[in-house]
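Please treat every number below as a calculation from the coordinates, not as lab data. Owing to the predicted nature of the structure, the values given are computational and were not obtained by experimental measurement. Glycine also receives a Cβ, built like all others from the backbone with ideal geometry; neighbour counts cover every protein chain displayed.
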């Protein structure tokens, strides 16, 4: 059982916290709503299962290639600790329970979960071999996580929608992280000669650095516009989200430092779980957002009036 669980990459499930973003950015102040937390928590668990099944599928598809990778060769399937038959049985059972659970939540959530699954199956079987398309697919997966989290909250409010600006910011930030991962993979390929992804042949470090510069700048600009846009101030009744920009800038600059100075970045989830300055920047950002958007409600008062 342990090799099967390890193949689901529990440490990667931190990415699925995006499913909970709707609780923070809802103008309905759902942070104090128990039903909303139950819906968001259920959505989080379902996406942990779905993302785990995608990792397991990837391991099955890339079994021979993973055996040549210095790190991936240690995964249960590649190392021989988990048989192909058990992996296939585990994959089928996990998909059955996750999709069954998703069907109990609002239809929009179930549809988004299916789209996420189909996208990742297409990625595992074909799209990950296509230059540029591969990174766009992974970034789209992050947006679908966030959209699914909002869709799950329609149990509480059927009218809730995700801001298009937040969708754009999520996509751009995810794209930045994926490009950083590709950069480190390209550099490893140049040093060892082991190309563990077919798409790596279409990338160079210089090309990825140029793409990262564009995406990084666009991400900061898009987020800054979101914090002061008329739609945002009208939705939350405040323009104080602008005070979250410094922590966002520090987080991005810190990540760039880890990539270019410390030569990290091949495992974004691992960085988020181990780099203390980055964790502090994220915590500061969350605290400011919660105080700005939900402070009065959490203190027992009424939410700020909308202009």
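Across all C-alpha atoms in region 1-162, the radius of gyration and Dmax reach 16.6, 51 Å. Once a ≥ b ≥ c are taken as the square roots of the eigenvalues of the Cα gyration tensor of region 81-155, is the result rounded (a/c under 1.5), prolate (a/b larger than b/c) or oblate (a/b not larger than b/c)? Verdict is oblate for region 81-155. With everything on Cα atoms, drop me the angle between helix 245-260 and the longest principal axis of the chain, reported from 0 to 90° to the nearest 10. The angle comes out near 10 degrees. Given their separation in residues at 0.36 nm each and the Cα-Cα distance between them, residue 79 and residue 286 gain 70.6 nm when the chain is fully extended. Were the residues from residue 205 through residue 235 laid out at 0.36 nm apart, the gain over their Cα-Cα distance would be 6.7 nm.
Taking every Cα-Cα distance in the chain and sorting them into 20 Å bins from zero, the calculated P(r) comes out as 31, 58, 11, 0 percent. Once C-alpha pairs closer than 8 Å and six or more residues apart are averaged by separation and normalised to the residue number of the chain, the relative contact order reads 19 percent. Each label was represented as a point 7 Å from its Cα along the Cα-to-Cβ direction; for residue 228 and residue 32 these points are 3.1 nm apart.
Taking the number of Cβ atoms within 10 Å of each Cβ as an exposure proxy, the fewest-first ranking of 212, 167, 53, 83 is 83, 167, 212, 53. With the simple spin-label model, which puts each label point 7 Å out from Cα in the Cβ direction, the residue 67 to residue 130 separation comes to 3.0 nm.
In the chain, helices alone account for a calculated mean residue ellipticity at 222 nm of -22500 deg cm²/dmol, with every DSSP H run of four or more residues adding -39,500 (n - 2.57).
Going by neighbour counts of Cβ atoms within 10 Å, the residues 235, 15, 164 line up, fewest first, as 164, 235, 15.
If R0 is 22 Å, what FRET efficiency do you get for residue 167 and residue 108 from their C-beta distance, rounded to 0.05? E between residue 167 and residue 108, to the nearest 0.05, is 0.95. In percent, rounded to a whole number, the relative contact order of region 1-162 is 32, using alpha-carbon pairs under 8 Å and six or more apart. Counting every other Cβ atom within 10 Å of each residue's Cβ, 124, 7 order from fewest to most as 124, 7. Here the label points at residue 190 and residue 118, each 7 Å from Cα along the C-beta direction, are separated by 3.9 nm in the simple model.
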